[in-house]
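Notes to accompany the following structure.
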Amino acid sequence: MVKGRTIWNFTAVVGAVALVGIVLGTVERSDAQPPDPADSTSAVVTGGYLHFPKILVHTTGDLANPALAGDDFAMDTVIQITNTSDVRVTANCFYVTAVSRCGSATGPVCRDDSECVPGIRCLPTWSSDDFRIDFTPLQPIGWSAATGLSILPCGIGGVCPGNPGQSGQIPVVSVDPFVGELRCIQVETDDDGMATGPTTDSDLIGKATIVESGPFSGPSEVLAAGYNAIGFQGVSSDALGTDACFGGAPAGANCGVTYTPCAAHLSLQHFFEGAETPAGFVSTHLTLSPCSTELEIGDVFAPSNRVVAQMLVYNEFEQRFSIAEPVDCVETQRLVDIDTPAGPSGDSSSIFSIGTQGTLGGQTRIRGVSDDSGFGRGIVGLAHQYFSASMGGTPTSSSAYHVNGELAAQPDPDAVYGPLFQ
């Protein structure tokens, strides 16, 4: 999602690969409109609320959690946030952990049932952890999700406003391996740097770079794929509010700040699984995250909002296929695993397979559908492409790009329930 580009600028799909001449114009729809530079579909505008939908960490594993082995790649995510204002700015940030565990919320981290004791299921769990960043004027701050930042350089000697005698720090993620996201909210502060409440100021920009090296058992490749944080701009505020609202005030929300709305529809341009390009054979991983959620700091929780992502898949012949996928928190999977069992065995029968579609690429339009809970149905998305020399082979390069958002009237505004502005 790049400011000023229409949803059919296909060069955004291939990122650094820079493929030329492959156009999916036959799938273009008449209602496609360029994004408004002031809305949340433009990832490079400054925001008072930043959403990083994909944060990955896997170093050696910790405690009983899986260590690197076989074809595993070591993974880390480098995060950068910049204060574009010439005054001091404070942000409250929240890591959301979305890993699966064997048997219970306290069991070992797992990727599937095979990594658990026989008879124990690999079950999804969610938790969140918060921290604060104090920025000096025009300051950029960068850190590794795997190592954090032990001393936050927000003042002389690392002493941060509002924390007299203490050094600020950014923690490491809560578990290794880690799959999840990061959300950051700009807050109002007093002259001593203490957070005092909500603000519509929108001075932050961010970027994340997922760095992978491996495989563990073979000659090493280094893959790097970067994307901009999705920025939402503040529209109005209420000093007594504790929740972040998007596009309006949902029933039951106590809005501290109302931001620009989440996209009503997403439009993903992609290669079909197994397509061969000059960069190699393509496999695409799709990350979806609901705009609405409830953060319960420090505890493992079940998200109270489930959004069903309805997908319409078009190939270059304008043939249409459909599938629906529930999204509870942060969901990341290969496109071909959305409608077939995980793993390579069912890939050829997927509607995202080049063998099924018969064309190199296509478009998937995604619309969130909420239940009767009153939560919004907005979704953000990120595509992560891997290229390899052979079908299913070890990746040799990668790229990431936003799933473009299209604004439209939404029946239910979105909200992130806090408290978020303390």
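A few comments on the model shown:
- Solvent-free Debye scattering, log10 I(q)/I(0), computed from the Cα coordinates of the range 316-417 at q = 0.25 Å⁻¹: -1.61
- Net +/- balance of residues flanking residue 227 in space, Cβ distance below 13 Å, scoring K and R +1, D and E -1: +1
- Beta bridges per DSSP, both residues in the range 192-338: antiparallel share near 85 percent.
- In the range 204-361 the Cα-Cα distances spread across 5 Å bins starting at 0 as 2, 7, 12, 15, 16, 16, 12, 9, 7, 4, 1, 0 percent of all pairs.
- Positive contributions from Lys and Arg (+1) and negative ones from Asp and Glu (-1), summed over other residues with Cβ under 10 Å from the Cβ of residue 245, come out at -3.
- The packing ranking, built from the mean of other Cβ atoms within 10 Å per residue, places the peptides 234-244, 118-128 in the order 234-244, 118-128, highest first.
- Computed over neighbours whose Cβ is under 15 Å from that of residue 254, the net charge equals -4, Lys and Arg +1, Asp and Glu -1.
- Annotation: peptides 283-292, 201-210, 70-79, ranked by per-residue average of other Cβ atoms within 10 Å with the highest first, follow the order 283-292, 201-210, 70-79.
- Note on the range 179-248 and the range 337-387: Cα centroid distance 25 Å, given to the nearest whole angstrom.
Each value in this text was obtained by applying a stated rule to the coordinates, not by laboratory testing. No experiment lies behind these values; they were computed from the predicted model shown. Cβ sites come from the backbone with ideal geometry, for glycine too, and all protein chains shown count toward neighbours.
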